[in-house]
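Enquirer: The following block contains the structure, expressed as structure tokens.
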Amino acid sequence: MITDIYNWQVQAKEYFIQENYLQAAKLYEQAIAIEPNTISYYWDLGLLMLLQGQEAEAQMTWMLPMTEADEEQLPIWTNQLFQILQIEAERRETLAEYSLAWLIRQHMREINPSYINNLLQILILSLKLEKIEEIDDLNKWGLIESLKAKEDIEIDIELLIQVLKEFLTIIPLNPVNLNLIEASLPYFPDTHQCFSILLPAAMRIGHTLRQPMLAASILSLHLRLEPDNVEILRHLATFYQDARNYSQGIEIARLCYSLSEGLADKIFALHLLLRGLMSAGGYWQEICTTSQELETVFQQFIKAERIPLEEGRILRLLTPSFAIPHIKDAPADFRAIHNQVAEVFNFYIKALAQSEGKIYCHNNTNNKKLYGATKKLKIGYVSYALRNHSVGWLARWLFQHHDRDKFDIHTYFVNYTLVNDYLQEWYLGQAGKPRQLGMNGLEIADQIYQDEIDILIDLDSITLDITSEVMALKPAPIQVTWLGWDASGIPAIDYFIADPYVLPDDAQNYYTEKIWRLPQTYIAVDGFEVGVPTLRRDDLDIPMDAVVYLSAQRGYKRHPETTKWQMQIIKQVANSYFLIKGLAEEETIKRFFYQIAEEEGVDCSRLRFLPQVHLESVHRANLGIADIVLDTFPYNGATTTLEILWMGIPLVTRVGEQFAARNSYTMMMNAGITEGIAWTNEEYIEWGVRLGNDAALREQISWKLRQSRQIAPLWNGKQFTREMEKAYEQMWQRYIEAK
């Protein structure tokens, strides 16, 4: 029997702290028997029962005094119970006992369903406990409606911001979740705080998780607060284009350019506009005027006084050059501009690194490194594309055939994310020492420097700004560009891998990197996986005796001049059809081809537009429907050309002067095929017509291509790897001799 109120409460508290809830509950039961009108005893006893897992008993205990309460007492007593539960929930959260805290707060929600701060806490706990079903039922809580009402709300703004941060970091979003973000925006004390939360989340969702439309939805919400925020508009244009919503992406890019003031901002806005226009696969007049404007702004930027630029603006300087070689084949003129921009880029990146205390010194190389003839070279590969990507498909034979006894391989995965990607998983197994990294160039460079890489190979060139930043920082004593694109022009890069064909003899005159020509080919593969075809002539309403031409490239490689040549070929070859495949905006690309066909006198009924297929192996199998493939110019196929040659299909290509206009040429030469190589526009048309009219010649080329699989350098990944490794050793020898 309880006789001393103070002593029994002290004892009950000790039991509670010791989690001896049963003994503590007995003391409260005795206290209620003595003082049944002390309401707080019921609250504490019910809590003890709840902590023992007796939820129904807890609720009954709390309800006992409530049934006796009058109208004035009921809200007071309800609030007392709510406060006791809140104190205990907060204590459990401090102890990281999230399951108990979540349970307590659920009962708080039953007591006061509309108290927003408790609902927000439940959301945070549900995220921590991965109770996705709770989050999916968000509409039932009334939280979004209460936020939208904005009447009589006592809301903890910091708590709301924490909810959004957790929300955007942990789970994929659905329309209900987006409604929560939208309803929360008016509560932000300033727009910059909203910007600093939504933009990083959108970039992670759009780029790392590869859900661009979802990222665009998030950024569109922020535009309601700041319609003219150029930084948001830049990313929004990119995400719309990545989601193949080209019309919106183009419109946002135009708006972005109209609002851009500084030269660096104008350069990137023009890039975004070109990116959208070219990806859509049409708009050629606007493409040409925009490209001319880009070159003009580039020239202005080169001549302008060097003013401080923050990292984001620096990183955007190089990528815009990517568009120009798709439009014209003038490498000497192009590189005269691009190399200067790359030099400015390198200057800014070095200044940024120095301000962060990042200076990589390679002068103190130890004696073993300098003079050890048997030194095992550390080779580093850095790329965002070692996955289901053209670079991923082509680089794998080098990784597979590397001599691990002579070379220590390190692989740096930029913007790595765990996704269901067979090729990425393969690379992780072949990577030697894999580093799964994010999108911070300084951190990536630090890792490379700490690993003491001897020769660093850039597989991305200017196609990813983060990789360009890493290379400009010079974390390795020897740096090389291979495969991803043309040379980047960054002064910190020493060599550009080429071969006897892919660059003309005088190319060194306009390259800042030393061109390192491998003896035969700059790329080789052992082959490709080929699946089961899903295309048949009868499905496309094409006669079995027809001559089928194919062009399989993305929209941004579609040049109207080349398309005219292709139409002239179709016109001259009786009973011929032209299949068009590649990512583009469907209606725009159709208008583009139909207009040129009509201008050249070709019946549009002879054109067929093929759907995309998801599996690369099926894509390759479907190439077999073609008798002849017509290459693009001035930007040739690369991966597609290799696939076409592997499938034994004759190819017509126009050879130009720039790297992008000579890819098919070098691949055909290294497969032992000269038929179909054109050095003029007229030759391109002539080869196309000749191959269409000469079935025996087509069969002869197909036979030669099948035979080449056993003998040609293009299909000998192991031999190619030995040649690359020899190049690495010679680069290193030159380096130590210079030291």
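Enquirer: Which one is surrounded by the most Cβ atoms within 10 Å (Cβ to Cβ), of the residues in region 542-561 that are assigned to a loop (DSSP other than H, G, I, E, B) and touching a residue at least 24 places away in the same chain (Cβ under 8 Å)?
Expert: So, considering only residues that are assigned to a loop (DSSP other than H, G, I, E, B) and touching a residue at least 24 places away in the same chain (Cβ under 8 Å), the one surrounded by the most Cβ atoms within 10 Å (Cβ to Cβ) is 558.
Enquirer: Which residues, taken from region 263-306, are of a type in the set (Lys, Arg) and within 20 Å of residue 634 (Cβ to Cβ)?
Expert: Correct list: 275 only.
Enquirer: With region 456-530 as the region, which strands (runs of 3 or more DSSP E) entirely inside it contain at least 2 residues that are under 20 Å from residue 714 (Cβ atoms) and in contact with a strand residue (DSSP E or B) (Cβ under 8 Å, 6 or more places away or on another chain)?
Expert: Once the strands (runs of 3 or more DSSP E) in region 456-530 are filtered for at least 2 residues that are under 20 Å from residue 714 (Cβ atoms) and in contact with a strand residue (DSSP E or B) (Cβ under 8 Å, 6 or more places away or on another chain), what remains is 495-498, 514-517.
Enquirer: Next question. Going by what's in this entry, would residue 597 be described as in a helix (DSSP H, G or I), surrounded by fewer than 22 Cβ atoms within 10 Å (Cβ to Cβ) and in the same structural domain as residue 571 (by TED's automatic domain parsing)?
Expert: Against the criterion (in a helix (DSSP H, G or I), surrounded by fewer than 22 Cβ atoms within 10 Å (Cβ to Cβ) and in the same structural domain as residue 571 (by TED's automatic domain parsing)), residue 597 does not qualify.
Enquirer: In the set 569, 625, which member is over 28 Å from the mean Cα position of the chain (by Cα), under 15 Å from residue 690 (Cα atoms), at pLDDT 95 or above and of a type in the set (Val, Ile, Thr)?
Expert: Answer to the check: 569.
Enquirer: Which of the residues belonging to region 662-689 are surrounded by 18 or more Cβ atoms within 10 Å (Cβ to Cβ) and of a type in the set (D, E, K, R)?
Expert: 662
Enquirer: Now a separate question. Would you please name the residue that is surrounded by the most Cβ atoms within 10 Å (Cβ to Cβ), looking only at residues in region 260-289 that are within 19 Å of residue 557 (Cβ to Cβ) and of a type in the set (S, T, N, Q)?
Expert: Once the filter is applied, the top-ranked residue is 279.
Enquirer: Please tell me if residue 488 is in the same structural domain as residue 378 (by TED's automatic domain parsing), of a type in the set (Ser, Thr, Tyr) and under 18 Å from residue 449 (Cβ atoms).
Expert: no
Enquirer: Output the residue which, of all residues in region 708-725 that are in contact with a Pro (Cβ under 9 Å, 6 or more places away or on another chain) and not acidic (Asp, Glu), is nearest to residue 453 (Cα to Cα).
Expert: Filtering region 708-725 for residues that are in contact with a Pro (Cβ under 9 Å, 6 or more places away or on another chain) and not acidic (Asp, Glu), the one nearest to residue 453 (Cα to Cα) comes out as 720.
Enquirer: Right, here's the next one. Could you check residue 450 against (1) crowded, with 18+ Cβ neighbours inside 10 Å; (2) farther than 26 Å from residue 271 by Cα and say which number it fails?
Expert: Failing condition for residue 450: (1).
Enquirer: Can you tell me which condition residue 626 does not meet? The list is (1) closer than 24 Å to residue 483 by Cα; (2) buried (at least 21 other Cβ atoms within 10 Å of the Cβ); (3) among the aliphatic types (A, V, I, L, M), and all the others hold.
Expert: (1) is the only condition that residue 626 fails.
Enquirer: Scan region 579-594 residue by residue and report those that are surrounded by 21 or more Cβ atoms within 10 Å (Cβ to Cβ) and closer than 23 Å to residue 682 by Cα.
Expert: 579, 580, 592, 593
Enquirer: Additional query: Would region 78-97 turn up any residue that is among the acidic types (Asp, Glu), part of a helix (DSSP H, G or I) and touching a residue at least 24 places away in the same chain (Cβ under 8 Å)?
Expert: Yes, that holds for at least one residue.
Enquirer: Kindly list, by first and then second residue, each pair from a residue in region 396-415 that is without any contact (Cβ under 8 Å) to a residue 40 or more places away in the chain and within 13 Å of residue 429 (Cα to Cα) to a residue that is crowded, with 20+ Cβ neighbours inside 10 Å and among the hydroxyl-bearing types (Ser, Thr, Tyr), limited to pairs with Cβ atoms under 6 Å and residues at least 6 apart or on different chains.
Expert: 411/381
Enquirer: Hey, any hits in region 242-252 for a residue that's among the aliphatic types (A, V, I, L, M) and part of a helix (DSSP H, G or I)?
Expert: There is at least one residue in region 242-252 that is among the aliphatic types (A, V, I, L, M) and part of a helix (DSSP H, G or I).
Enquirer: What are the residues in region 705-739 that are among the basic types (Lys, Arg) and in a helix (DSSP H, G or I), if any?
Expert: Within region 705-739, 706, 709, 718, 722, 726, 734 qualify.
Enquirer: Examine region 61-69 for a residue that is assigned to a helix (DSSP H, G or I), under 30 Å from residue 146 (Cα atoms), in the same structural domain as residue 144 (by TED's automatic domain parsing) and more than 55 Å from the chain's Cα centre (by Cα), and state whether such a residue exists.
Expert: yes
Enquirer: When you look at residue 644, is it on the phi < 0 side of the Ramachandran plot, surrounded by fewer than 21 Cβ atoms within 10 Å (Cβ to Cβ) and of a type outside the set (Lys, Arg), yes or no?
Expert: So residue 644 does not fit the description; no.
Enquirer: For region 472-518, name all the residues that are buried (at least 20 other Cβ atoms within 10 Å of the Cβ) and without any contact (Cβ under 8 Å) to a residue 40 or more places away in the chain.
Expert: Passing the criteria: 479, 481, 493, 496, 513.
Enquirer: In this structure, is residue 649 more than 13 Å from residue 553 (Cβ to Cβ) and at pLDDT 95 or above?
Expert: Yes.
Enquirer: Could you please find all residues in region 600-615 being surrounded by 14 or more Cβ atoms within 10 Å (Cβ to Cβ) and more than 30 Å from residue 421 (Cβ to Cβ)?
Expert: Result: 600, 602, 606, 607, 608.
Enquirer: Sticking with this structure for a sec: Taking the conditions exactly as written (touching a residue at least 12 places away in the same chain (Cβ under 8 Å), surrounded by fewer than 16 Cβ atoms within 10 Å (Cβ to Cβ) and either more than 23 Å from residue 159 (Cβ to Cβ) or aliphatic (A, V, I, L, M) (or both)), does residue 108 satisfy them or not?
Expert: Here the answer is no, as residue 108 does not meet what is asked.
Enquirer: Going through region 116-143 one residue at a time, which ones are at pLDDT below 90 and either among the polar types (S, T, N, Q) or not in a helix (DSSP H, G or I) (or both)?
Expert: Listed by number, the residues that qualify are 126, 129, 130, 131, 137, 139, 142.
Enquirer: Oh, and also: Mind listing whichever residues of region 609-637 are under 13 Å from residue 663 (Cα atoms) and touching a Leu at 6+ places or on another chain (Cβ under 8 Å)?
Expert: Scanning region 609-637 gives a single hit, 631.
Enquirer: What number of residues within region 144-167 satisfy the criterion of being modelled with pLDDT of 80 or more, outside any loop (DSSP other than H, G, I, E, B) and hydrophobic (A, V, I, L, M, F, W, C)?
Expert: The number of residues fulfilling the criteria is 8.
Enquirer: Here's a follow-up. Name the residue, out of 303, 350, that is without any contact (Cβ under 8 Å) to a residue 40 or more places away in the chain and more than 22 Å from the chain's Cα centre (by Cα).
Expert: 303 is the lone residue from the list that is without any contact (Cβ under 8 Å) to a residue 40 or more places away in the chain and more than 22 Å from the chain's Cα centre (by Cα).
The values are calculated or read from the model by the stated rules, or taken from the named source; none is laboratory data. This is a predicted model, so every value here is computed, not measured. Ideal geometry is used to build each Cβ from the backbone, glycine not excepted, and the neighbour counts take in all protein chains shown.
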